[in-house]
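Peer 1: Below is one structure. I have some questions about it.
The values are calculated or read from the model by the stated rules, or taken from the named source; none is laboratory data. Please read all numbers here as calculations on a predicted model, not as lab measurements. Cβ: placed from backbone, ideal geometry, glycine included. Neighbour counts: every protein chain shown. Accessible surface is based on the protein model in full, side chains and every heavy atom, while ligands, DNA and RNA are left aside. Shrake-Rupley method; radii C 1.70, N 1.55, O 1.52, S 1.80 Å.
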Amino acid sequence: MKFTLSRVAAGAAVSVIAALTLAGCADTSTSGGSGSGEAASSDDLSITLLPKNLGNPYFDASEIGASAAAEALGAEFEQVGPTEATPDGQVSYINTAAQQGRSALVVSANDPNAICDALNEARDNGVTVVTFDSDTNPDCRDLFINQADTAGIAKVQGDLIAEQIGEEGEVAILSASANATNQNTWNEAFIEYVNETYPDIEIIDTVYGDDEDQKSFDQTAALLQSNPDLAGIVSPTTVGIAAAARYLSDSDAKGEVALTGLGTPNQMREFIEDGTVEAFALWNPEDLGTLATYAAAAVATGEIEGAEGDTFSAGDLGEFTVGADGVVLLGDPFVFDADNIDEFQF
C-alpha cells in the first residue's frame with residue numbers, strides 16, 4: 001500500500017501497529033449495490049457523501065478530499081447530512097439517495113445497527129454503500145474505509161497521555177455519541193491498552209459530548225468540577241478535543257490537566273501555541289474522503305467486487321487492497337506538536 005508524502009512528511013510522525021480492523025466477521029457478498037445490480041458506467045457515476053453531521057470541521061475536510069476525487073473521476077458529487085449526529089437524522093438521506101438512483105453512497109454511521117435497514121434497501125435498489133470513519137455491521141455495506149487500526153489508535157493516545165502526566169494519575173475520556181461505532185471501539189481498546197501498559201493510570205470516567213461543541217465544552221467543565229484530582233483528558237473526537245482545549249485554555253487547569261486525543265491541526269494550532277495542549281494525533285481526513293470516494297467508484301463501476309484481495313487505485317494516494325471483512329485501511333495515525341503542526345493545513 002502506498003501513501004502520499006504529504007501524509008508522512010512530519011518528522012514526529014508516530015508509527016503504530018496496523019494489524020486489527022474495526023469490523024467483525026462479514027459476508028463479503030453484497031445483498032445489493034453494484035454487486036447484485038448493473039454496474040454504473042464511468043460516464044454516469046453519481047456519489048453522495050453522508051457524514052455524521054454537517055458543520056463538523058473533520059467532515060468538512062473529508063468532503064474536500066471526496067469532492068476532489070469525484071471530480072478526478074468525472075463523477076457527479078454531493079454532500080448531504082443532518083445537523084446533529086444521530087442515526088435517525090441519516091435515514092432520510094439514505095432513502096433519498098436510493099430513490100434518486102445514486103451510484104454510490106459514502107456514509108459515516110452514527111450507529112452500527114440503526115441505519116442498516118435503510119442502507120440495505122438502498123443496496124437492493126442498486127446503490128453501492130461504502131462506510132468510512134465509522135462502520136455499520138458488515139452486512140449493511142460493501143466496503144468499510146478504516147482511517148486507522150484500532151490497536152494503533154489506542155496505543156498512540158495511551159502513550160501520549162502517559163507521557164504528558166508522568167505515567168500516573170486519573171484520566172477521563174470525552175467521547176462523541178454513546179452509539180458511535182468507532183468511538184466505542186477506540187475507547188474500549190484505549191482502556192485495555194492503558195490498563196495493561198500503565199498500571200498507575202486510572203481511567204475514571206467516560207462522558208459524551210455528542211460531537212456538539214457546547215455540550216463537549218460543558219462536559220469538560222463538569223469533569224474538572226467532579227474530579228479535583230484529574231490529571232488528564234483524552235478526547236478521540238475532533239469536536240470534543242477542540243472544545244475541551246477551549247475550556248482549559250481559559251481555566252486554572254491550563255498546564256495542570258493534560259489534554260490529548262484526535263484533532264485537526266487547524267482546530268488545535270492555537271492551543272498548541274498557547275501551551276494548553278502538548279501533542280495530539282490524527283490521520284488526514286481529506287485523504288480519508290479521497291480514498292472512500294475512489295473505493296465507492298471502484299465497486300459501483302464493477303472494477304472490483306469488494307472481495308478480500310481486490311486492488312484498486314486511489315489516485316495520488318496509490319494502490320490499495322481490500323482486506324478481510326471488506327475493510328480497506330488508510331494508514332497509521334501520527335502525532336502533531338509544536339515542532340510540526342505548521343506543516344499541515346486541514
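Peer 1: Residues with amide H under 5 Å of ILE201's amide H, sequence separation 5 or more or different chain, H placed in the peptide plane at 1.01 Å from N; which?
Peer 2: GLY169
Peer 1: Can you tell me the relative contact order of segment 137-206? Whole percent, Cα pairs under 8 Å, sequence separation 6 or more.
Peer 2: Relative contact order for segment 137-206 comes out at 41 percent.
Peer 1: Relative contact order of segment 204-346, please, whole-number percent, based on alpha carbon pairs below 8 angstrom and at least 6 residues apart.
Peer 2: Relative contact order, segment 204-346: 19 percent.
Peer 1: What ³J(HN,Hα) values, in whole Hz, does the Karplus curve 6.51 cos²θ - 1.76 cosθ + 1.60 give for segment 195-204 when θ = phi - 60°, with x put for Gly and Pro?
Peer 2: Computed from phi, the couplings for segment 195-204 are 4, 7, 9, 10, x, 8, 9, 10, 7, 9 Hz.
Peer 1: Report the Cα centroid-to-centroid distance between segment 140-155 and segment 42-106 in angstrom, as an integer.
Peer 2: 19 Å
Peer 1: Using the Karplus equation 6.51 cos²θ - 1.76 cosθ + 1.60 (θ = phi - 60°), what ³J(HN,Hα) coupling, rounded to whole Hz, does each residue of segment 322-338 give in order, writing x for Gly and Pro?
Peer 2: Karplus values, whole Hz, x for Gly and Pro: 6, x, 4, 6, x, 9, 10, 9, 5, x, 9, x, 9, 9, 10, 8, 4.
Peer 1: The list (1) 132; (2) 110; (3) 124 gives values of volume of the Cα convex hull per residue in Å³, and only one came from this structure; which label was calculated from it?
Peer 2: Only one option fits the structure, namely (2).
Peer 1: Please list, in order, the residues from segment 152-194 whose amide nitrogen is less than 13 Å from a point placed 7 Å along the Cα→Cβ vector of SER251.
Peer 2: 172-174
Peer 1: Taking a probe of 1.4 Å, how large is the accessible area per residue of the chain, in Å²?
Peer 2: Heavy-atom accessible area per residue stands at 38 Å².
Peer 1: Sticking with this one: Which percent, nearest 5, of DSSP beta bridges in the chain are antiparallel?
Peer 2: Counting DSSP beta bridges with both partners in the chain, the antiparallel share is about 15 percent.
Peer 1: Mind putting a number on the dipole of segment 175-315 about its Cα centre? Charges go on the C-beta only, +1 for Lys and Arg and -1 for Asp and Glu, and I need it in Debye to the nearest 20.
Peer 2: 240 debye
Peer 1: Related question: Along the positive direction of the dipole of the chain (beta-carbon charges: Lys, Arg +1; Asp, Glu -1; about the Cα centre), which of ASN195, ALA295, THR83 reaches farthest?
Peer 2: Farthest along the dipole direction, towards plus: ALA295.
Peer 1: Taking 1 over the mean of 1/r across every pair of different Cα atoms in segment 189-324, what Kirkwood radius in Å do you get?
Peer 2: Taking the inverse mean of 1/r over all distinct Cα pairs, segment 189-324 comes out at 17.3 Å.
Peer 1: Mind listing the phi-derived Karplus ³J(HN,Hα) values for segment 78-93, rounded to whole Hz, using 6.51, -1.76 and 1.60 with θ = phi - 60°, and x for any glycine or proline?
Peer 2: Those phi angles translate into 8, 10, 9, x, x, 7, 10, 7, 10, x, 4, x, 8, 4, 4, 6 Hz.
Peer 1: Could you give the size of the charge dipole of the chain about its Cα centre, using +1 on the Cβ of each K and R and -1 on the Cβ of each D and E, expressed in debye and rounded to the nearest 20?
Peer 2: 520 debye
Peer 1: How high is the relative contact order of the chain, in percent, counting Cα pairs under 8 Å that sit 6 or more residues apart?
Peer 2: This gives 25 percent for the chain.
Peer 1: Work through the residues other than TYR58 whose Cβ is under 12 Å from its Cβ and net out their charges, Lys, Arg +1 and Asp, Glu -1.
Peer 2: Local net charge: -4.
Peer 1: Right, something else. Using modelled amide H (1.01 Å from N, peptide plane; none on Pro or chain starts), what sits under 5 Å from the amide H of THR128, excluding residues fewer than 5 places away?
Peer 2: SER34, ALA104, LEU105
Peer 1: Can you give the calculated 222 nm mean residue ellipticity of the chain, where each DSSP H run of n ≥ 4 adds -39,500 (n - 2.57) and the sum is split over every residue, rounded to the nearest 500 deg cm²/dmol?
Peer 2: Calculated from helices alone, the mean residue ellipticity at 222 nm is -11500 deg cm²/dmol.
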